[in-house]
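The values are calculated or read from the model by the stated rules, or taken from the named source; none is laboratory data. In this text, all values refer to a predicted model and were calculated from it rather than measured experimentally. Cβ placement follows ideal geometry from the backbone for every residue including glycine, while neighbour counts extend to all protein chains displayed.
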Amino acid sequence: MANVVHQKQVASPTRLIEQGPLVDVSFTPHPADIALLANEGTAWEPIAHRMMVDTGAEITIVEDAVPKFLNLQPIRFQAIAGVTGDLDCPVYRLEIIIRSNDPGDDRGIAGQIEFSADVIAVPPVAEVARPHVGLLGRDFLQFVRFEYDGPSGTYRLIDERPQRLDRT
């Protein structure tokens with residue numbers, strides 16, 4: 001099976017320093033929950049936004065607006081410590097989809113990296129304007145190869161596995 005590759009050229013290496021490597025993603029409910037939501041009559045639409053790859057983050061987090069937009073309910077709460085202090089945050093089951101944009105994709109249609117996981121939702125920090133709604137942490141990065149080329153201002157995410165990324 002061919003690799004799934006997502007790569008991006010940032011405007012300049014300086015922008016890469018200022019904003020970090022930003023990935024265009026789509027959020028949906030966890031695949032195991034889609035049928036359940038349909039049976040309950042809960043409507044949802046995928047949401048597209050950006051996330052930042054953060055090798056220093058142990059876990060993947062999103063702003064709480066993402067699961068709220070998808071009409072999801074938390075499955076539990078988890079204490080976390082971060083730059084905003086200690087918080088007791090809701091945890092949601094989500095799927096994060098990153099589409100391949102590799103011009104060398106030989107399958108005719110672009111593949112995608114799918115990451116289904118329990119994701120912690122945090123409140124946005126009002127005084128900080130960010131170009132992303134969350135962090136892709138090491139719980140995601142353990143499944144892909146991440147190449148960061150600072151001088152050229154590029155990064156690549158490469159999924160070499162044929163199966164879905166599901167750690168729940």
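Tabulated results
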{"quantity": "Subset of the stretch 122-163 (residues that are buried (at least 16 other Cβ atoms within 10 Å of the Cβ) and either of a type in the set (D, E) or part of a loop (DSSP other than H, G, I, E, B) (or both))", "calculated": "H132, V133, G137, D139, F143, V144, G153, D159"}
{"quantity": "Lone qualifier among A117, A126, A81 - being small (G, A, S), at pLDDT 85 or above and more than 19 Å from N3 (Cβ to Cβ)", "calculated": "A117"}
{"quantity": "Cross-chain or 6+ apart pairs with Cβ under 6 Å, the stretch 59-83 first and exposed (fewer than 15 other Cβ atoms within 10 Å of the Cβ), then hydroxyl-bearing (S, T, Y)", "calculated": "N71/T42"}
{"quantity": "Failed condition for Y92, given (1) surrounded by 19 or more Cβ atoms within 10 Å (Cβ to Cβ); (2) farther than 16 Å from P123 by Cβ; (3) among the aromatic types (F, W, Y)", "calculated": "(2)"}
{"quantity": "Enumeration of residues in the stretch 41-68 that are of a type in the set (D, E) and either part of a loop (DSSP other than H, G, I, E, B) or modelled with pLDDT under 90 (or both)", "calculated": "E45, D54, E58, D64"}
{"quantity": "Answer residue from the stretch 61-99, given it is of a type in the set (K, R) and out of contact with any Pro (no Cβ under 9 Å at 6 or more places or on another chain) and is farthest from D24 (Cα to Cα) among those", "calculated": "K68"}
{"quantity": "Extreme residue, modelled with the lowest pLDDT, among residues of the stretch 1-14 that are surrounded by 13 or more Cβ atoms within 10 Å (Cβ to Cβ) and not β-branched (V, I, T)", "calculated": "A2"}
{"quantity": "Residue check, R167 among the basic types (K, R), closer than 16 Å to V25 by Cα, modelled with pLDDT under 90 and in contact with a strand residue (DSSP E or B) (Cβ under 8 Å, 6 or more places away or on another chain)", "calculated": "no"}
{"quantity": "Pairs with Cβ under 7 Å, 6+ apart, first in the stretch 1-29 and within 24 Å of D118 (Cα to Cα), second at pLDDT 90 or above and of a type in the set (F, W, Y)", "calculated": "none"}
{"quantity": "Residue within the stretch 149-164 that is more than 19 Å from N101 (Cβ to Cβ), modelled with pLDDT of 80 or more, of a type outside the set (K, R) and within 14 Å of the chain's Cα centre (by Cα) present", "calculated": "no"}
